[in-house]
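Below: the structure, in structure tokens.
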Amino acid sequence: MKALRQGDPAALAEIIRQYTPYVYAIARNILSPALPGEDMEELVSDVFCSAWYSRDRLEPGKLKAWLAVTARNAARDRLRRLRLTHPLDEDMLDISLPDMDEALAEQELAAACRAAVDSLKEPDREIFQRRYFLYQKTEDIAREMGLGHAAVRSRLMRGRTKLREYLEKGGWAYADQNY
């Protein structure tokens, strides 16, 4: 990090070598199959360019998290610009908002969802973060965490119930919604 902050291109090259598979996996999990591999590679390059231009603001020990957030946000932005959406499956949270000022409501809901996920105990919190923020497949989560596929799916199901209860207490979920 010190060499990167000093503008050493070799430090960036080492970060690219070390983290490209990680950043690419995040991009692939969000963009596939909507966009071809070339677009994913371009997005990965953009993430590392952002790291280079943001090197003065990068905090030691937080590079991997910064790369993950930047990759996720860049991928979502790419889908939005192309007016595509990420395909949802049965594991995704489905929370609808009543008629409100949408932008403010979305920010408040996002903060409530983050707080709800933070309220989960480990390993449920990590499973949720991997699934819903990094878009990892349940099979990959199970393998990487040394859990059974059924255990991951069961924890996600129980976790969604806990999150729904947490959000209902905060006034975000409504009885007439289907989860």
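The values are calculated or read from the model by the stated rules, or taken from the named source; none is laboratory data. Remember, it's a predicted structure, so these values are computed and weren't measured experimentally. Here Cβ is always computed from backbone atoms with ideal geometry, including for glycine, and neighbour counts include all displayed protein chains. The protein model used for the area step is the full one, side chains on, heavy atoms only, and it has no ligands, DNA or RNA in it. Shrake-Rupley method; radii C 1.70, N 1.55, O 1.52, S 1.80 Å.
The table for this structure:
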item	result
Filter result (buried (at least 19 other Cβ atoms within 10 Å of the Cβ) and within 17 Å of Lys121 (Cβ to Cβ)) within the range 138-155	Ile141, Val152, Arg155
Tally of residues being in a loop (DSSP other than H, G, I, E, B) and closer than 26 Å to Leu67 by Cα across the range 138-160	2
Residue in the range 60-70 that is among the hydrophobic types (A, V, I, L, M, F, W, C), at pLDDT below 85 and open to solvent by 60 Å² or more (accessible area, probe 1.4 Å) present	no
Residue tally, condition under 16 Å from Asp46 (Cα atoms) and exposed (fewer than 11 other Cβ atoms within 10 Å of the Cβ), over the range 4-20	2
Matching residues in the range 29-45 - criterion: being modelled with pLDDT of 85 or more and surrounded by 16 or more Cβ atoms within 10 Å (Cβ to Cβ)	Leu43, Val44
Unmet requirement for Ser50, which otherwise passes all of (1) in contact with a helix residue (DSSP H, G or I) (Cβ under 7 Å, 6 or more places away or on another chain); (2) among the hydroxyl-bearing types (Ser, Thr, Tyr); (3) at pLDDT below 85	(3)
Count - residues of the range 96-137 that are at pLDDT 80 or above, open to solvent by 70 Å² or more (accessible area, probe 1.4 Å) and not in a helix (DSSP H, G or I)	3
Flag for Pro9 being modelled with pLDDT under 90 and over 19 Å from Phe133 (Cβ atoms)	no
The lone exception for Arg78 - which of (1) modelled with pLDDT of 80 or more; (2) more than 20 Å from Ile26 (Cα to Cα); (3) open to solvent by less than 40 Å² (accessible area, probe 1.4 Å) it fails	(2)
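Matching residues to (1) in contact (Cβ under 8 Å) with a residue 12 or more places away in the chain; (2) of a type in the set (A, V, I, L, M, F, W, C):
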{"residue": "Ala112", "(1), (2)": "yes, yes"}
{"residue": "Lys121", "(1), (2)": "no, no"}
{"residue": "Arg143", "(1), (2)": "no, no"}
{"residue": "Leu147", "(1), (2)": "yes, yes"}
{"residue": "Ala151", "(1), (2)": "no, yes"}
{"residue": "Leu163", "(1), (2)": "yes, yes"}
